[in-house]
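Take a look at the structure set out below.
Read-outs throughout are calculated quantities, based only on the coordinates presented, and are distinct from any laboratory measurement. Quick caveat: nothing in here was measured; it's all calculated off a predicted structure. All Cβ positions, glycine included, derive from the backbone under ideal geometry; neighbour counts span all protein chains shown.
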Amino acid sequence: MSMKAYTWLFVYIFAIFLALLFLTSCNPVKKAVETFDKHLPAAALYCADRFPAKDSIIIRDSVRLDTLWEDGEIVRVLVPSSPDTVIVKAQCPPHKIITKTIQHDSIIIRIDKAKETVLLNQVNQCNEDLLKVTTSRDELKARVKGKVLIPWWILLIAALLTGGFIFLRIKKIISPIKL
């Protein structure tokens with residue numbers, strides 16, 4: 001081989017090496033993951049700024065009233081006005097006791113925005129795929145709509161020939177062919 005051939009061989013090998021280097025080094029997702037793995041605090045700060053946790057607080061108050069009726073008590077009363085001490089028993093009227101219970105409930109819902117964004121992207125990708133499949137199906141329907149796979153007149157001739165053959169066999173006009 002001449003020197004010129006070696007030069008071209010070297011140029012081809014160098015071009016292939018550069019192409020492989022370019023194709024293997026161009027993965028931004030992998031680079032970002034590697035960078036985040038090396039610098040975890042910065043990654044956590046970035047994710048916290050980019051996808052903040054969203055808290056929703058639901059406060060519910062419920063009031064429950066309980067009514068309890070109690071019979072009146074028997075009260076003994078001393079009447080000092082008479083010279084003799086008189087004890088009078090009196091029945092108090094029934095009274096009610098109302099118990100009011102107030103209950104405060106706080107429900108805190110924390111939404112993971114990063115997970116929500118990932119799921120939203122998956123839903124959008126599925127919608128795009130569905131749109132592609134539906135348009136492809138509609139195009140196929142439009143192409144096949146005017147075309148009939150088997151023309152109706154071929155089916156009619158086949159049915160008439162089959163019916164005629166069966167009729168002739170039943171009437172014994174034709175006999176089976178023996179080989």
Take Arg143 and Met3, extend 7 Å from each Cα along the Cα→Cβ direction, and tell me the distance between the two endpoints in nm. 5.9
Need one number: nm distance between label points at Ser62 and Val118, each 7 Å from Cα along Cα→Cβ, rounded to one decimal. 3.6
Leaving out same-chain residues fewer than 8 places away, which lysines sit with a Cα under 26 Å from that of Lys31? Lys113, Lys115
Looking only at lysines whose Cα falls under 23 Å of Lys141's and that sit 8 or more positions away or on another chain, we get Lys132
